[in-house]
Amino acid sequence: MWWDERVSARFRRNLQPTLTYWSVFFSFGLCIAFLGPTLLDLRCQTQSSLSQITWVFFSQQFCLLLGSCLGGVFKRTLAQSLFALFASSLAISLVFAIIPLCHNVVVLAVVMAVAGLAMGCIDTISNMQLVKIYQKDSAIFLQALHFFVGFGALLSPLIADPFLSDTNCILSNSTANASSNLPHIRKSLVPHHPGNLSHYDLPMKGMVVTRVSYAFWIMALINLPVPIAVFFLLYKERMVPCFNSSSHPLLSADELAMETRPAEKEDLSTAAQRPLAAGGHDDLFSCCQSKNFRGASYTYFAVHITGALVLFMTDGIVGEYSGFIYSYAVEEPLSVVHKVAGYLPSLFWGFITLGRLISIPVSYRMKPATMVFINVVGVLITFLLLLIFSYSVVFLFVGTASLGLFLSSTFPSMLAYTEDILQYRGCATTVLVTGAGIGEMVLQLLVGSIIHDKGSYSFLVCGMIFGGLAFTFYAFLLFFHRMYPKPSADTDDASPDKPAVMDDTGQYQR
């Protein structure tokens, strides 16, 4: 096997929770990519204008970011984390089932805001729990976790496609003229960011003819096993109230080891478990409390900040590239036909998914720091070549695939590397997830306004600049890693810089 027996045994001991967290991230991916292709049918369903319906994108993305910030609130016990995941995954199934019943755009935006909150909680908690379980072995399992996001993001548009309207789904006198623009508009509504569609005139009144409801009900059924899997994990851990009223605290590895040690070693174990209160994975607001800063070196903050800035840039590139590559391709000088250009976002997400699959075995043989270095250098070189061969349609497709591969493993590798630097103390997971979410929102808006003012060529220039900044921030992170205090016996117990005492048993911590 391509991993050793120790990691394999650890995986077998934690098989059910690991598979559960992976399946929950499938829900995340399923929910993140369906809006783009279905938004025109939802516009017909709500009988709203294009400018009104595109606010649904914003409500989902904003609440996803908010949910990511708040997800760490549920970290204090395993029961809280699992109940939050159960509620979030069940909410996604309910959202899919309720969307066909939303005939008002405001109601639809509220429903999608609920979905965004659920997705944000899933994002933070699943990453956090896998890091807690596997710690130094977490890189490979984080790669697999993020593969399931890509798999879900590929599956939901495929489910929706057979049920999308071939002609404008609001029948009126102007339907014939509007229908000719429909394929172009639909391809512009890619995941994360709708294009500028204000110049298209589609009817708002008339008879609604759409079958997209069936797609959402199918996705609700496909997602239903996920909350069931979380419920079974709760049942196995005896955390379902009707079976066990007690709440099990989330023990750290050193606390679990303390329970199995001889009595004469109790003093050492007691000292080892003190850092749990000072460190750990908190929500963003708890991380900002002054009590967490006592005794911390400047490198402690620098590692958090530079790690978040790297993901701010790289996840921002994912959002802005998937959002604007179609618009860039159909404009001069490339002038790619609309049908061909429509494959570019799918190619990008397809290679992100493929890259995450490839990264699962690679991450076992290669250190996370090396993988992130290859990723950021690859992104920078790809954008440079895209600029050099900006008149080549063939290289645009090659570059899109290459960019997807290099960006695919950046987030899980960066998370594993940063947590490793901090010895699994501090707030790395929460800070990095939040930084990545902010990057997706901010860079999309920034690039959209720049393209509007400066033209389509600025799309690649922006990507080159963001890639250069990601490489620069990563270089700073490497520098601060070298400066970060090494583990020592006399490190103050209350300090966030104190390393975690590791446990080799790999048992699932309650």
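The values are calculated or read from the model by the stated rules, or taken from the named source; none is laboratory data. Values in this document were obtained by computation on a predicted structure and should not be read as measured data. For neighbour counting, all protein chains shown are included, and Cβ atoms are generated from backbone atoms with ideal geometry for every residue, glycine included. These area figures cover heavy atoms from the full protein model, side chains too; ligands, DNA and RNA do not enter into them. Shrake-Rupley method; radii C 1.70, N 1.55, O 1.52, S 1.80 Å.
General observations
- Here each label is just a point 7 Å from Cα along the line to Cβ, and for Arg211 and Ile228 those points are 2.7 nm apart.
- Packing around the peptides 51-63, 385-397, taken as the average count of other Cβ atoms within 10 Å per residue, puts them in this order, highest first: 51-63, 385-397.
- In a fully extended conformation the segment linking Asp161 and Val393 would gain 80.9 nm over its present Cα-Cα distance, using 0.36 nm per residue.
- Residues of region 380-398 falling in the label zone of Ser335, defined by backbone nitrogen less than 17 Å from a point 7 Å along Cα to beta-carbon, are 390-394.
- Along region 331-343 the Karplus relation, 6.51 cos²θ - 1.76 cosθ + 1.60 evaluated at θ = phi - 60°, assigns HN-Hα couplings of 8, 5, x, 6, 6, 5, 4, 4, 5, 5, 4, x, 7 Hz to successive residues, with x for each Gly and Pro.
- Accessible surface of region 296-486 [probe 1.4 Å, protein heavy atoms]: carbon and sulfur percent: 73
- Region 296-486, relative contact order in percent, only Cα pairs under 8 angstrom and at least six apart counted: 44
- In sequence order, calculated HN-Hα J values of region 123-133 (Karplus, 6.51, -1.76, 1.60; Hz; x Gly/Pro): 4, 6, 5, 5, 4, 5, 5, 5, 5, 5, 6
- Put simply, when 441-453, 410-422, 227-239 are sorted by average Cβ atoms within 10 angstrom per residue, most first, you get 410-422, 227-239, 441-453.
- Potential extension, Val7-Leu384 segment - 0.36 nm per residue separation minus Cα distance: 131.8 nm
- If you wrap the Cα atoms of region 296-486 in a convex hull and average its projected area over all directions, you get 10.6 nm².
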